[in-house]
Amino acid sequence: MTVATIPTAQASQSPQVSQGPQVSHFRLENGLEVVAIPDHRTPVVTHMIWYRNGSADDPIGKSGIAHFLEHLMFKGTHNHPQGEFSNIVAELGGQENAFTSLDYTAYYQRVAKEHLRAMMELEADRMTNLVLSDDIVDPERDVVLEERRMRVETDPGAQLGESVASALFTHHPYGIPIIGWMHEIETLGREDALAFYKRFYTPENAILVVAGDVAPEEVRALAEATYGKIPAMGEAPVRHRPQEPETRASRRVSLADPKVEQPSLQLAYLAPSYTTAAPGEAEALDVLIQILGAQSTGRLHRRLVMDKRVAVMAGGWYQSTAVDRSRVLLYAVPRPGVSLESLEKDIGAVVAEIVEKGVDAAELARAKTRLIADTVYAQDSQTSLARIYGSALATGSTVGSVASWPDDIEAVSAEAVRDAARRWLDPRRTVSGYLIKDEAA
């Protein structure tokens with residue numbers, strides 16, 4: 001069980017699958033959306049159920065409830081007492097896990113193909129028959145609190161990341177940590193979990209993705225025999241989220257801690273996601289960040305690490321899969337003796353160069369080739385394929401937009417890349433995050 005982390009290195013999370021498996025997409029009568037992705041190379045299947053709810057859907061004052069409920073979903077149902085679900089998966093030689101992100105929560109198992117029905121039966125049961133008591137909830141809350149202590153409270157880098165997100169998203173819940181704030185996790189209880197469960201864990205709000213050695217008609221038949229028995233609950237819940245106002249001033253967040261061994265710099269910018277962007281806008285950002293922030297080959301690495309030798313690491317990433325407006329983050333780690341202020345200016349100069357001069361045809365072609373090649377390689381993993389489609393559909397994209405992504409990337413022009421840099425990487429819109437060692441402590 002994990003919190004889905006924001007990437008810390010160059011990584012596009014775009015809906016991206018090149019021409020490959022013949023994906024089937026349909027909906028059951030109770031509203032459950034189903035995606036079947038045939039992959040007959042090995043006799044195994046990856047079974048994933050996605051719910052369109054994440055930490056950004058946590059009620060005000062109840063941050064962390066989506067992630068907390070993910071933990072509690074393993075605590076048993078009327079039909080399968082605590083531990084039985086996981087024991088069955090293990091006895092069948094399978095693997096399982098779950099993760100919570102800003103916009104979705106997902107549960108998955110990877111098993112031999114003959115056990116697919118058993119996984120559907122177990123997960124369908126968990127969708128409707130969760131049993132919770134205070135004796136179960138209270139100790140698990142302590143587990144989540146300890147998880148936060150280990151991942152955040154003792155890690156200055158994680159604390160800075162939370163602070164930068166809070167400064168970037170001043171109004172939207174993307175500024176709240178997925179795991180939740182410590183003081184609010186402490187208040188979460190059984191009734192909070194059940195209320196969230198009843199609101200979001202319904203067939204209308206779920207997406208079933210099956211990738212593996214099965215035919216689409218087999219997936220349909222099994223889904224109808226298991227998930228299809230769950231009554232429709234009505235309309236899927238509507239997400240009511242306050243939207244982020246336009247940024248009008250740059251901001252700086254600085255965190256000093258004696259545990260910091262290496263200073264680092266983050267520059268965060270609000271940016272459209274694939275769901276909110278105008279046509280072609282998100283694709284241009286994908287290509288821009290590949291040109292600018294790719295590990296080893298990006299301009300930031302070449303200019304700051306290889307040429308000027310002012311950084312030991314530099315790059316960037318674009319979190320493009322999101323329901324609402326998202327973010328771009330550029331980062332660098334300075335060499336000894338180089339200040340974060342001067343490093344920030346160096347990053348700004350690299351961005352300004354693209355704004356002023358654009359990108360050349362060869363650089364543009366290389367970026368597109370690498371983006372699409374990375375996607376082709378991702379198809380070697382069933383789990384990656386299932387996650388690509390699940391995350392895309394859970395955040396508002398379609399099967400069609402996933403399939404057309406390579407062509408859309410190929411259509412990006414040099415001028416579109418330049419425009420993306422000019423509009424979205426404006427230094428007046430920046431949140432700068434400085435992580436420094438506290439020498440006085």
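The values are calculated or read from the model by the stated rules, or taken from the named source; none is laboratory data. Just so we're clear, the structure is a prediction, and the values are computed from it rather than from any experiment. Don't worry about glycine lacking a Cβ; one is built from the backbone with ideal geometry, like all the others, and counts go over all protein chains shown. For accessibility, only protein heavy atoms count, side chains too; no ligands or nucleic acids. Shrake-Rupley method; radii C 1.70, N 1.55, O 1.52, S 1.80 Å.
Counting only heavy atoms of protein chains, what accessible area per residue, in Å², does region 156-209 have with a probe of 1.4 Å?
I get 33 Å² per residue for this part.
³J(HN,Hα) across region 101-107 via Karplus (A = 6.51, B = -1.76, C = 1.60, θ = phi - 60°), whole Hz, x for Gly/Pro?
Rounded to whole hertz, the list is 10, 5, 10, 7, 10, 9, 10.
What spacing in nm lies between the two simple spin-label points modelled at GLU186 and SER404, each 7 Å away from Cα in the Cβ direction?
5.1
Would you mind getting the accessible area per residue of region 371-441, heavy atoms of the protein chains only, 1.4 Å probe, in Å²? Spell out each step's value before the answer.
Details: 2990 Å² over 71 residues.
Per residue, region 371-441 has 42 Å² of solvent-accessible surface.
Specify the inter-centroid distance of region 162-192 and region 328-386, based on alpha-carbon positions, in whole Å.
Region 162-192 and region 328-386 have Cα centres spaced 29 Å from each other.
Rounded to the nearest 10 Å², what accessible area does TYR274 show when all protein chains are kept and the probe is 1.4 Å?
40
Accessible area of ASP134, 1.4 Å probe, to the nearest 10 Å²?
Taking all protein chains as shown, ASP134 has close to 90 Å².
Please list 96-104, 281-289 highest first by mean number of surrounding beta-carbon atoms within 10 Å per residue.
Details: 96-104: 22.2, 281-289: 26.9.
Per-residue Cβ counts within 10 Å, averaged per peptide and sorted highest first, yield 281-289, 96-104.
Take TYR108, TYR201 and sort them by solvent-accessible surface of the protein heavy atoms, 1.4 Å probe, largest at the top.
On the way: TYR108 50, TYR201 10 Å².
From most accessible down to least: TYR108, TYR201.
I'd like the accessible area for ASP142, computed on protein heavy atoms only with a 1.4 Å probe and all protein chains in place. Round to 10 Å², please.
Around 90 Å² of this residue is reachable by solvent.
Report, to the nearest whole %, how much of the accessible area of region 115-229 belongs to carbon and sulfur atoms, 1.4 Å probe, protein only. List each step's numbers first, then the result.
Numbers: 2260 of 4400 Å².
Of all accessible area on region 115-229, carbon and sulfur atoms account for 51 percent.
Could you please put LYS198, LYS437 in sequence from largest to smallest accessible area, using a 1.4 Å probe?
My answer, sorted largest first, is LYS198, LYS437.
Under 8 Å for C-alpha pairs, at least 6 residues apart: give me the relative contact order for the chain, rounded to a whole percent.
Over the chain, the number comes to 26 percent.
Given H placed 1.01 Å from N in the peptide plane, which residues other than close sequence neighbours of VAL44 have an amide H under 5 Å from its amide H?
Distant-sequence amide H within range of VAL44: LYS113, ASP213.
Can you pull a Stokes-Einstein diffusion coefficient for region 34-176 at 25 °C (0.890 mPa s), Rh from Kirkwood over Cα pairs, as a whole number of µm²/s?
Estimated diffusion coefficient is 144 µm²/s.
According to a simple spin-label model (label point 7 Å from Cα along Cα-to-Cβ), what is the distance in nm between HIS40 and ALA215?
0.9
In whole angstrom, how long is each semi-axis of the equivalent ellipsoid of region 400-441, when you take the square root of 5 times every eigenvalue of its Cα gyration tensor and sort them from largest down?
Result for region 400-441: semi-axes of 38, 16, 8 Å.
Multiplying the sequence separation of GLU341 and ASP257 by 0.36 nm and subtracting their Cα-Cα distance, what value in nm do you get?
28.4 nm
How much net charge surrounds THR154 when only other residues with a Cβ under 14 Å from its Cβ are counted (Lys, Arg +1; Asp, Glu -1)?
Numbers: positive: ARG148, ARG149, ARG151, LYS259; negative: GLU146, GLU147, GLU153, ASP155, GLU162, ASP257, GLU261.
So the environment of THR154 carries a net charge of -3.
Could you work out how much longer the chain between THR297 and LYS113 gets when fully extended? Use 0.36 nm per residue separation minus the Cα distance between them, nm to one decimal.
Taking 0.36 nm per residue and subtracting the Cα distance, the gain is 62.2 nm.
Exceeding 18 Å between C-alpha atoms, which entries from my cross-link table qualify? They are LYS62/LYS198; LYS113/LYS229; LYS308/LYS345.
Values: LYS62/LYS198 16 Å; LYS113/LYS229 22 Å; LYS308/LYS345 13 Å.
Result: LYS113/LYS229 exceed 18 Å.
In sequence order, what are the phi-derived ³J(HN,Hα) couplings for region 214-229 according to the Karplus relation 6.51 cos²θ - 1.76 cosθ + 1.60 with θ = phi - 60°, rounded to whole Hz, with x for glycine and proline?
Karplus-based 3J(HN,Hα) across region 214-229 equals 9, 8, x, 5, 5, 4, 4, 4, 5, 5, 5, 6, 10, 4, x, 7 Hz.
Would you mind checking which residues have amide H under 5 Å from ALA271's amide H? H placed 1.01 Å from N; only 5 or more apart, or other chain.
So ALA271 has HN proximity to SER326, ARG327, VAL328.
Roughly how many percent of the accessible protein surface of region 381-441 is carbon and sulfur, given a 1.4 Å probe and a whole-percent answer?
Of all accessible area on region 381-441, carbon and sulfur atoms account for 52 percent.
For a bin width of 20 Å, list the pair-distance distribution of the chain built from all Cα-Cα distances, rounded to whole %.
25, 55, 20, 0
Relative contact order of region 96-241, please, whole-number percent, based on alpha carbon pairs below 8 angstrom and at least 6 residues apart.
29
Given H placed on each backbone N at 1.01 Å, which residues far from GLY180 in sequence or on other chains put an amide H within less than 5 Å of it?
Placed amide hydrogens put GLY64 under 5 Å from GLY180.
Tell me, what % of the accessible area of region 305-357 is carbon and sulfur with a 1.4 angstrom probe?
57
Determine the relative contact order of region 112-194: mean sequence separation of Cα pairs under 8 Å and six or more apart, normalised by residue count, in whole percent.
It comes to 35 percent, rounded to a whole number.
Taking the Cβ-Cβ separation of ARG239 and LYS308 as r and a Förster radius of 41 Å, what is the calculated FRET efficiency to the nearest 0.05?
Efficiency at R0 = 41 Å is approximately 0.40.
Work through the residues other than SER401 whose Cβ is under 11 Å from its Cβ and net out their charges, Lys, Arg +1 and Asp, Glu -1.
-3
Can you give the net charge of the other residues whose Cβ lies under 14 Å from the Cβ of ALA349, counting K and R as +1 and D and E as -1?
Value of the local net charge: 0.
Can you run phi through the Karplus equation (6.51, -1.76, 1.60; θ = phi - 60°) for region 401-408 and list ³J(HN,Hα) in whole Hz, with x for Gly and Pro?
These are the phi-based 3J(HN,Hα) values: 5, 5, 5, 8, 3, x, 5, 5 Hz.
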